[in-house]
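As structure tokens, the structure follows; a few thoughts come after it.
What follows is calculated from the coordinates using simple rules that are stated; it is not laboratory data. Keep in mind that what you see is a predicted model, and the values were worked out from it rather than measured. Cβ coordinates were reconstructed from backbone atoms using ideal geometry, including for glycine residues, and neighbour counts include every protein chain displayed.
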Amino acid sequence: MTAQVIEALPDWITHLIQLNSLIAARMGVVVTDFHCLHALQQDGPTTASALAERVGLTPGSASRMIDRLAAAGCVRRIPDPGSRRRIIIEPTDEGLDRINAYYAGLTARTREDLAAFNDDELRTLLRFVEVFRLSAIAEVRQLRSMP
């Protein structure tokens, strides 16, 4: 069964990448920009350097990414109340509403699909997702540390 799960994952991930790419294009941004907006939605407002690290970009690339997202109405730059020299990047309600609207169909379908699972199965599924996420984070860190 382990081999079957491992074999199924790349296809699932490919379809999620395609979905994210399509949504990013519809929003008028590139996929990396979309990952930035997702990070802001999940983790809240942060600095450009923290966003750059989160999505794996150089500071210059992150700056251009933030410019594109701001032009698309998805983020805004606000002064950091704790430091007059720092700027915080925050998602706009419009940007978050647009993302949520694009994912509404998948979210509804996922809720319907998950209704067929009992609580023990859902706990196992959640554990799998959490372990898989941590493994992916560890692999990204390892690959980034290699020359």
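Laid out as a table, the results:
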item	result
Selection from the range 88-131 of residues that are within 25 Å of Ala24 (Cα to Cα), without any contact (Cβ under 8 Å) to a residue 60 or more places away in the chain, of a type in the set (A, V, I, L, M, F, W, C) and touching a Leu at 6+ places or on another chain (Cβ under 9 Å)	Ile89, Leu96
Breaking point among (1) loosely packed, with under 11 Cβ neighbours inside 10 Å; (2) in contact with a Pro (Cβ under 6 Å, 6 or more places away or on another chain), for Ala108	(2)
